[in-house]
């Protein structure tokens, strides 16, 4: 197998074309500790942050920035992301947790806004949006959007992915909140990820998808383990699919702190999709592409090379076997991990 190119020789990874649509795939992290330390994906463990992102962009055409869920980005940070990546690379950005009403790290709030939180509401390990005055919440949205300007100007900005907590259910207040998203994110594409199943059950599903379509908001499809069936639909000109791994339940933690493995890997959240599981998605992705201009496939199973290998392999399958790159030999992870071999080693 050919050696990976040196960082100085990098190009840019491309998606695959299906009809008139472009299909992009990537992971939720290019700097995950296990990927950098143990994965064998990067040519060197000592790459700097910009070199690492540049190398990732030469292997895959898309990444979703998940760290922005915990801490909002700054314009300086997004400028560095833009500078480190080539034209044609796309970054989707997860919305900061405060913006979707999820529990938020208090220290992630900008220092000059900390004083706007009432002393009686500063107690506890997490901050909640309802504890802030409305004008402060408005300011948070504006600063988040402002931080993304460098990405948009550089042509690297994909979509803002708003991942709502499980308690965000189809109630009047929730519908009203979704209706505000276009005005909250002017000039930006937005995709909504609804983790409460009530949005997608029975007749409610059609209502939810129609509502998002009317607002021009993307719907984030989620891969799910059997016997559950994923809702596969596009509600905007861009389609989105998240692959979080097919975890059925948390493993048992014994009194001594040891974790009883669930067969998915060395840690309970580790999951590597098999070729058969990815192949089952290929026709669904092509169907999404038939009615859109872009399809974003995000692997949220970051453990060693699981996410990057799965993303590359799924693009190969969608694109009728045209490879973007081949995983390095031995990059599948530890022999006792209970995961399938690297896609390049399959039959």
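Here are a few things to note about the model shown:
- The stretch 27-157 - Rg (one decimal) and Dmax (whole number), Cα, Å: 16.8, 51
- Measuring how big the stretch 92-174 is from its alpha-carbon positions, Rg and Dmax come out at 14.1, 44 Å.
- Here the average projected area of the convex hull drawn through the C-alpha atoms of the stretch 149-214 stands at 4.8 nm².
- Peptides 14-24, 161-171, 302-312, 40-50 ranked from most to least packed, by the mean per-residue count of other Cβ atoms within 10 Å: 302-312, 14-24, 161-171, 40-50.
Any read-out appearing in this document is the output of simple, stated calculations on the displayed coordinates, not a laboratory observation. Computed from a prediction, not measured in an experiment: that's the story for all the values here. With ideal geometry, Cβ positions are generated from the backbone for all residues, glycine too; neighbour counts draw on all protein chains shown.
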